[in-house]
Amino acid sequence: MCIPTYNERENLPRIISRLFDANPDVRALVIDDGSPDGTGRLADELAAADERITVLHRTEKAGLGAAYRAGFARAIAQGATLVVEMDADGSHQPEQLPALLARVGDADLVLGSRWVRGGTVRNWPLHRKLLSVGGNTYARLMLRVPIRDITGGYRVFRVSTLQRIDYATVTSSGYVFQVDMAYRVLKAGLRVVEVPIEFVERELGASKMSQHIVMEAMQQVTVWGLRSLFRR
């Protein structure tokens, strides 16, 4: 279980407690990007009290993609066969993880999806829903993929899938990293399954999403889509 953090001191103990209550056999890898609020120190305290927790300290905030690549490498070195991505802010509910894990048997990548039948979003204003649905629709059409929530960040990878797509060569750094990874899995001829989840807006702390991040993702998706079109 890879959990990237940056200034999530308020949320981290809560999400770790919920994770182990619902999934006592998992291991948690907290990947902290030098949080100035002391998240990394708190993660060390939690790890000292529970051997299921490991902390990976990074010296700077270098983007979601860089954090996950480092986390994947550490998890694989520790002998993991499955690697889960989950946010620290509570938006991805640990109680829903068993539903994702149940589909690993017939998938190479399992996505927790807000935008398939049965998926929902709680406490989002209309404009956030429209932005997410519009962005996912745009990516689906530009990249010609069947995934309805390609930007979602609650997902389960087989380690063999990460190795097959050579995850270490992925250079995307922001939230477009999620699009990039799923797109690579499909291009490799592997199977992606979407499982409906309820996504919950964070209650504590500040969101890392910004207009710049959204525009960066849209621009990169456009580049990938046009490149694929002209190569046909």
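A Cβ distance below 8 Å, combined with a sequence gap of six or more or placement on separate chains, defines the contacts here; from segment 1-25, residues that are over 27 Å from A62 (Cα atoms) reach residues that are of a type in the set (A, V, I, L, M, F, W, C) and part of a helix (DSSP H, G or I) in the pairs A22/L97; N23/L97. If I ask for residues that are in contact with a Lys or Arg (Cβ under 7 Å, 6 or more places away or on another chain) and within 12 Å of A107 (Cα to Cα), which ones from segment 171-194 would you list? Hits for segment 171-194 are L190, V193, E194.
Note on segment 160-204: residues that are among the polar types (S, T, N, Q) and under 22 Å from L101 (Cβ atoms) amount to 4. The criterion of at least 1 residues that are of a type in the set (K, R) and at pLDDT 95 or above is met, among strands (runs of 3 or more DSSP E) falling completely within segment 130-203, by 155-158.
Condition check ((1) in contact with a helix residue (DSSP H, G or I) (Cβ under 9 Å, 6 or more places away or on another chain); (2) surrounded by 23 or more Cβ atoms within 10 Å (Cβ to Cβ)) across all residues:
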site: A66; (1), (2): yes, no
site: A70; (1), (2): no, no
site: A75; (1), (2): yes, yes
site: V83; (1), (2): yes, no
site: A102; (1), (2): no, no
site: G112; (1), (2): yes, yes
site: G118; (1), (2): no, no
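In segment 90-110, the residues that are in contact (Cβ under 8 Å) with a residue 24 or more places away in the chain form Cβ pairs under 6 Å with partners that are among the hydroxyl-bearing types (S, T, Y) and assigned to a loop (DSSP other than H, G, I, E, B), at six or more places apart or across chains, as follows: H92/Y154.
Residues in segment 159-175 include none that are more than 18 Å from S228 (Cβ to Cβ), acidic (D, E) and crowded, with 20+ Cβ neighbours inside 10 Å. For segment 126-135, the condition of being out of contact with any helix residue (DSSP H, G or I) (no Cβ under 9 Å at 6 or more places or on another chain), surrounded by fewer than 17 Cβ atoms within 10 Å (Cβ to Cβ), without any contact (Cβ under 8 Å) to a residue 12 or more places away in the chain and of a type in the set (G, A, S) holds for at least one residue.
The values are calculated or read from the model by the stated rules, or taken from the named source; none is laboratory data. The shown structure was predicted, so the numbers you read here are calculated from the model rather than taken from an experiment. Virtual Cβ from ideal backbone geometry, glycine too; neighbours counted across all protein chains shown.
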